[in-house]
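Remarks on the structure that follows.
The values are calculated or read from the model by the stated rules, or taken from the named source; none is laboratory data. What you are looking at is a predicted structure, and each value in this text was computed from that prediction instead of being measured. Positions of Cβ are backbone-derived with ideal geometry, glycine not excepted, and every protein chain shown enters the neighbour counts.
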Amino acid sequence: MEQNTLRLLDANLNRLREGIRVVEDIFRYIYNNKEISYKLKVLRHKSRVAQYDNLLKSRDIKNDVLKQSTPSEQLRNDLKSILVANFKRAQESARVLEEFFKLNSVKDSENFKYIRYELYDLEIALTKISSNSK
């Protein structure tokens, strides 16, 4: 695989796992929701690929043209806004991974599609929690 493609995969794998982890920890420690926390943990563990060494070698943080945060990335109004931002972050990354893995691994592509749809489904829990806390 081309170095820049590996770099894109590495960034999106990190973004996916980080987004899932934020959501997982909120459901685990703040909402004490074992079921959703566990589902998120499983998804996070499913978001691994065998090319770790090549991905790590492709990482080039110093030359990332958009590593500065935008004002909207730095602002969170409440817990729900953190959850929404991280669900969306993870879903978007899963979509990028799904598309790019179509180039060399249908199995990996389908795995990231599965993760994306599971995240869409788990996001519904936000609505239920929001309505219960009113």
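Pairs under 9 Å by beta carbon, first residue aliphatic (A, V, I, L, M) in the stretch 79-93, partner not in a helix (DSSP H, G or I), six or more apart or different chains?
Final answer for the pair search is ILE82/ARG76; ALA85/ARG76; ALA90/SER47.
Search the stretch 6-23 for residues that are closer than 12 Å to LEU97 by Cβ and pair each with any residue that is β-branched (Val, Ile, Thr) and at pLDDT 95 or above when their beta-carbon atoms are under 8 Å apart and the residues are at least 6 apart or on different chains.
LEU8/VAL96; ASN12/VAL96; LEU16/ILE115
What pairs can you find where one residue is in the stretch 24-44 and in contact (Cβ under 8 Å) with a residue 24 or more places away in the chain, the other is of a type in the set (Phe, Trp, Tyr) and buried (at least 18 other Cβ atoms within 10 Å of the Cβ), and their Cβ atoms are less than 8 Å apart, with a gap of 6+ or different chains?
These pairs meet every condition: ASN33/PHE27; ILE36/PHE27; LEU40/PHE27.
Need at least 2 residues that are of a type in the set (S, T, N, Q) per element, so show me which helices (runs of 4 or more DSSP H) inside the stretch 1-64 make the cut, counting only ones lying wholly within it.
3-25, 52-58
Could you tell me whether the stretch 96-115 includes any residue that is in a helix (DSSP H, G or I), basic (Lys, Arg) and under 18 Å from ALA11 (Cβ atoms)?
Among the residues of the stretch 96-115, not one is in a helix (DSSP H, G or I), basic (Lys, Arg) and under 18 Å from ALA11 (Cβ atoms), which makes the answer no.
Please find, among ARG48, ARG44, the residue that is at pLDDT 95 or above and out of contact with any Gly (no Cβ under 6 Å at 6 or more places or on another chain).
Residue meeting the stated conditions: ARG44.
Consider the stretch 70-91. How many of its residues are part of a helix (DSSP H, G or I) and under 22 Å from SER37 (Cβ atoms)? First the steps, then the outcome.
If we filter the stretch 70-91 for residues that are part of a helix (DSSP H, G or I), which is where we start, we get 71-74, 79-91.
Then keep just the ones that are under 22 Å from SER37 (Cβ atoms); that gives 79-91.
So the answer is 13.
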